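Where a number appears in this text, it was derived from the coordinates with a stated rule and is not lab data. These numbers were taken from a predicted model, which means no experiment stands behind them. Here the Cβ positions follow ideal geometry from the backbone for every residue, glycine too, while neighbour counts run over all protein chains shown.
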Protein chains: 2
Amino acid sequence: MSKEMWAYLIALAVSLLAIGVAVWMARWVKKLKSENAKIAYVSSLIKSGANTFLKREYTILAVFAGILFVFILLFLPKPIWQVGDEVGVNRVLPNLAMALSYLIGTIFSGIAGKIGIDIATIANVKSAEAATKGIKPSFMAGFRGGAVMGMAVVASCLLGVTLVFWATYGWTGNARVLIGFSFGASSLALFAKAGGGIFTKTADISADLVGKVELSIPEDDPRNPAVIADNVGDNVGDVAGMGADLFDSNVASLAAALVLAIALDPKYIPLVFLFATAGLLSSIIGVATANIGKHGNPTRALNSSTYITTGIYFVLTAVVTVLFDFVLDAGTGHSYWFIWGSTVLGLLVGVVIGLATDYFTDDSRKPVHMVATASESGPAFTILSGISYGFLSVFPAMVGIGISALGSYLLTANISATMPATAGMFGISMAAVGMLSIVGMIISNDAYGPIVDNARGLVEMGNLGEEALEITDKLDSAGNTVKAVTKGFAIGAAGLTVIALLGAFMSEANALGAGLTGFDVMDPVIFFGLLVGAAVPAVFSALLMLGVNRNAQRMIKEIHRQFNDIPGLKDGQAGVEPEYDKCIDIATKGALKELVVAGLFAILVTIAVGFIGGVKAIGGFLVGNIVVGLLLALFMSNSGGLWDNTKKYVESGHHGGKGSFAHKAAVTGDTVGDPFKDTAGPSINTQITVVSLVSSLMAYIFILYSIF
Amino acid sequence: MSKEMWAYLIALAVSLLAIGVAVWMARWVKKLKSENAKIAYVSSLIKSGANTFLKREYTILAVFAGILFVFILLFLPKPIWQVGDEVGVNRVLPNLAMALSYLIGTIFSGIAGKIGIDIATIANVKSAEAATKGIKPSFMAGFRGGAVMGMAVVASCLLGVTLVFWATYGWTGNARVLIGFSFGASSLALFAKAGGGIFTKTADISADLVGKVELSIPEDDPRNPAVIADNVGDNVGDVAGMGADLFDSNVASLAAALVLAIALDPKYIPLVFLFATAGLLSSIIGVATANIGKHGNPTRALNSSTYITTGIYFVLTAVVTVLFDFVLDAGTGHSYWFIWGSTVLGLLVGVVIGLATDYFTDDSRKPVHMVATASESGPAFTILSGISYGFLSVFPAMVGIGISALGSYLLTANISATMPATAGMFGISMAAVGMLSIVGMIISNDAYGPIVDNARGLVEMGNLGEEALEITDKLDSAGNTVKAVTKGFAIGAAGLTVIALLGAFMSEANALGAGLTGFDVMDPVIFFGLLVGAAVPAVFSALLMLGVNRNAQRMIKEIHRQFNDIPGLKDGQAGVEPEYDKCIDIATKGALKELVVAGLFAILVTIAVGFIGGVKAIGGFLVGNIVVGLLLALFMSNSGGLWDNTKKYVESGHHGGKGSFAHKAAVTGDTVGDPFKDTAGPSINTQITVVSLVSSLMAYIFILYSIF
């Protein structure tokens, strides 16, 4: 059996193991007791709301995917009238494979999202009721619920990549079909992340504005018609959206690494698969061993499992490298060590970026304290100082990404005497694979957040007592702290991935005859692309934020209507209930409408630039898009997190505490930060990946038809 | 006499003519009547405050310039131990010339700034008192006051460039010494724009916060200890700062064009001078003929003189081109027409960018209306929608700059068969010269703004009556409207200029033996530079905004102290006066302290990147810096302008008018927008130019000493 075959089988085996672990954990969570009728009722509302959103989202997505399926069938990777000398079935096979692979990518990612939401809407109930028994069972319910999502995403990702690559590499000799798969995952992520992001913030902002600000009723008060939509939003935005986002980055990093490995030397293909598999295996171990003492610290529990995963990954990949070097290549494969070095460098820089993010958003550090102090002078100063620290926070991450890209390139450039540039880009792609290796663990930690956030709400709605509320508060706060680290990680990883995709794009374009030697920014066509590409993430995030704004206005109107029209609702008469579904409906429709505009804008501008300036302009376009996209994503995520924690810091009694002037200002900051950190910021990642993949897919068409 | 000599003489003659016009207009303004004692007193406070700031600024600058003088003498353009075979005085002459040229650049720009402030602090009084006689005399006083600044800046700029180039080109054969001159202008601009920007917003914000928000006393109320500092700020930030900024861009565009003309074909040198001269001549005519009917519309008067200037420039340069083509080159010089085309394209795109900026900030357009509507939901929505429109506004300008760069490159690339790339970059530099051609007019319009803004305050303090207040309000509002157009223009011009500087940098580095063929972003060293360079404008603006924040806190403390400690001040007892100078002192010291940190950060990171990655990394660094710098400058200037006009729109009676909930939200937006549009946004231009010039100057050192 060939080395590739071994690698495929091991990858499949570990993927299945991860699925097994996910199933086991899902069962474990489901078996936990839940008996509170009120909570069961509310939870069923959340569940059905989330499913309504998913159903409608997937319906629109199906139409979109159907159109793209036909488009790909006709045009990609080459227009059907451009297939040359092929005969018979071979004339359509490449396009058909690409189109199918695209669909599979969408479906795999979609299924992972659905699984994640299903378990999250169960785990929140279990975590809430377990809170009456102590912090440990409540934590475990939340964490294992999140872990199901983590395992499902990474396993389906590795499974899909392995199957698609295995099925097509043999007869095509390239990884082009895999780019179709990656694009499928990406277009789903665009819907899930941007759509979910608009949904969740629409509901959150509207619920807060009418509930907390106008009527002074508490958060999660069941009288509020938007309260269920708010909880649904946590699930569709933070669980499903974030899962799809990281599925997308993960697939893209593997696709880029494989495209470059093929261009460089196919002997590296099994290594890519085994490194990715090692990451999944490490995450499985990390997730399975995660635990918290009876009176333990949830933040420490979450972080320590991340570090354990990182350590295991380090060892496992070293073992794989030893195997390749000394066993398979009989001690002549020193090049593998340079690749290993790149991967480890990627992972380490990921940790550093995560810590830097933490500094700028942690409520025990200077930035949060400064913004809280500034809030005493009013909301304008909350905003100004928050934006300033957000801008500052960009620096360590950008330099970090720059260093890991430069370092991994230099490490591997020397492994090929004839193609140092391709080898260097391959090193960057492996750094991205390294940074994303522990993504299973990252998703678990990240999905934990909204589950315990929901649990907190359920404890309140179900009147489970002060102690349980305190416990879920503690769990929720740990979720927020850990989120900062994982978010920094996710953006850093996306940054390296898209740099690798840029290399993959050039390699692809050249394989199709573009004859590129690089992207010289002194070439005016490339510079033109650069400027346009740089403007796109700004416009894209503006469209999403304006979408949230518009949508929230609609929902606020509906909340006002209900409070006015439903007798007894405002006073909380027994038996009177708001029409929760109306708010869910508004959030759903609006989110999908607004996201389509933003997504189409990004894609159409890419295509326009391609037809104007060809693949050269596209190269510049991608560079501008990546650089500004990273900058804005970091800025928006970090300043949003900073404002969120500032508000919590003030609420915990500083600068006058709740209700003070500073608190009001801090709430304004948090409201601005909400769409920053949960809608626009994280969606930019997806936007970059989408346009990178559109560029790779359309490369041949741009080579054929462009003005310059 | 050679063609160059003719061009130099014509440039000098027109510069002297402009100085003559400035002197005449200054006399005209001074001759206007002013007899109100109260106004005279307040105006003397403003004048002495502005001079205090200038004096302290220039003192620090002198130290800074002195250090740089020695540094240049030792190291630039080549370290003194690297002068090769030169003997005697020739061993030190290049460095000495560069160092002197640097000093002259600083001094020329400094003098222009001083002249501008002197006349502005006279014209505001004249304009205020003339307002009692009608709109026409008041407008003319404001406009001609501004025009003195416009003429002084452009004349001293052209004069300086001509003299330095004339004196050094003959024996050096290059324009390197001129880059020293440009750097001198730039480092002054950094002090004037960033320092003035911090000063003006410190005073503005503190005065508003304590005066309008806490104590509910009107704007410009003489009891407010910060009110004089606020008026001083208008002069040092908006008049002197903006003048220095455009002096800087103007010199840089000429320096870039001359560096590239020399590399391409020295026969284009006279053309560069004559095109720049044509711009100044057009501005002189535009300024001299500007007028307003008795009941006229000041906005129309300002805009129509801009369009007249543009038209005259179009014709004059066509005449120059005919002369070069048919008379001097006997009909064989068709290449001149392509250069003319680039220049005209630059100017036209400048106008389009100005109009796009206008759309996003004009209070009769959708963006202002939408932000005003959003304000009804509270300050968070004012901010979110303002940021969104600010992001959107980036698109037309970036695409416009991209198109003008691409178009002008393509127009001229074919004029040289052997060096099409250099010819293309020369085209871009001439587009920048074109965009900046009418800069005399632009500065006049821009300086008009703070003069009439001050006049409005003086009318209020001097109790000149409702009618005069209405007139100055109208003049002030016209200033704000026109400012949007001129700001878009200034940023667009800076954008093209720095692109041209990038070309000049490569040309310079190659002349010094770097052997660059371009900046390929697939080279990891260049990509590393790109990422770091992209982060710098964000950090730079963050440091400036945090500086404003810190400084405002200090001043607010002082205002509170005065209101508490000075008996009778709060009640406005006759004869009781606040200690205005204390506030001016705080603003001055703080501004200079904070600006040094931000400026040093940008310069030191540039140097660090140069020593790490050499000229290649610097190329990437500049590209990242330019692209993100333009993006952030446009975003911040436009969203700031948008919030300013939204506040005014609400105050004019919409959405509840003054004192309403929407108004409070709009005021928060305006406060956030103030440092955006008057401190950070416009300072980014200067930051980009400074690091571009530092890079050009240090090129040889980076070639000698770098890690990669």
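A few comments on the model shown:
- Efficiency of FRET between B:Glu577 and B:Val63 - r from beta-carbon atoms, R0 35 angstrom, step 0.05: 0.55
- Within straight-line reach of B:Lys78, meaning a Cα separation under 13 Å, sit the following aspartates and glutamates at least 8 residues removed in sequence or on another chain: B:Glu86, B:Glu508.
- Dividing the helix sum by the residues of the protein assembly as shown, where each DSSP H run of 4 or more adds -39500 (n - 2.57), gives a mean residue ellipticity at 222 nm of -28000 deg cm²/dmol.
- Copy-to-copy label distances for A:Gln82, where each label lies 7 Å from Cα along Cα-to-Cβ, are 4.8 nm in order of increasing length.
- At most 15 other Cβ within 10 Å, DSSP loop - trypsin sites (Lys or Arg not before Pro), the stretch A:525-593: A:Lys570
- Debye intensity ratio in log₁₀ form over the Cα atoms of the protein assembly as shown, taken at each q of 0.08, 0.09 Å⁻¹: -0.95, -1.18
- Helix B:420-435 axis, angle to chain B major axis (alpha carbon atoms, nearest 10°): 30
- For A:Ser652, the distances from its label point to the matching points in the remaining copies are 4.8 nm, ordered from shortest, with each point set 7 Å beyond Cα toward Cβ.
- Candidate aspartates and glutamates - alpha carbon under 12 Å from B:Lys3, same-chain residues fewer than 8 apart omitted: B:Asp329
- Spin-label model, B:Tyr307 to A:Ile111: label points 7 Å out along the Cα-to-beta-carbon direction sit 6.5 nm apart.
- The phi-based Karplus calculation (6.51 cos²θ - 1.76 cosθ + 1.60; θ = phi - 60°) puts the 3J(HN,Hα) values of the stretch B:545-561 at 5, 5, x, 4, 4, 4, 5, 5, 4, 4, 6, 4, 4, 5, 4, 4, 4 Hz, whole numbers, x for Gly and Pro.
- To the nearest ten degrees, helix A:439-461 and the longest principal axis of the Cα atoms of chain A are 20 degrees apart.
- Helix axis angle, A:269-289 relative to chain A longest principal axis, alpha carbon, degrees: 20
- The residues packed around A:Ala26, meaning those with a beta-carbon under 12 Å from its beta-carbon, carry a net charge of +4 if Lys and Arg are +1 and Asp and Glu are -1.
- Ranking of B:Met636, A:Met698 by count of other Cβ atoms within 10 Å, fewest first: A:Met698, B:Met636
- Cα-based radius of gyration of the stretch B:3-704 once divided by 2.2 N^0.38 Å, which approximates compact folds: 0.92
- Per-residue ³J(HN,Hα) for the stretch B:55-71, Karplus 6.51 cos²θ - 1.76 cosθ + 1.60, θ = phi - 60°, Hz, x for Gly and Pro: 4, 5, 4, 5, 5, 4, 4, 4, 4, 4, 5, x, 4, 5, 4, 5, 4
- With contacts taken as Cα pairs under 8 Å at a separation of at least 6 residues, chain B carries a relative contact order of 21 percent.
- Computed from backbone phi with θ = phi - 60° and the Karplus coefficients 6.51, -1.76 and 1.60, the 3J(HN,Hα) list for the stretch A:619-634 is x, x, 4, 5, 4, x, 5, 5, 5, 5, x, 4, 4, 5, 4, 5 Hz; x is used for glycine and proline.
- Ranked from shortest, the separations from the 7 Å Cα-to-Cβ label point of A:Lys133 to its equivalents in the other copies are 9.1 nm.
- Here the relative contact order of the stretch B:573-696, from alpha carbon pairs under 8 Å that lie six or more residues apart, stands at 31 percent.
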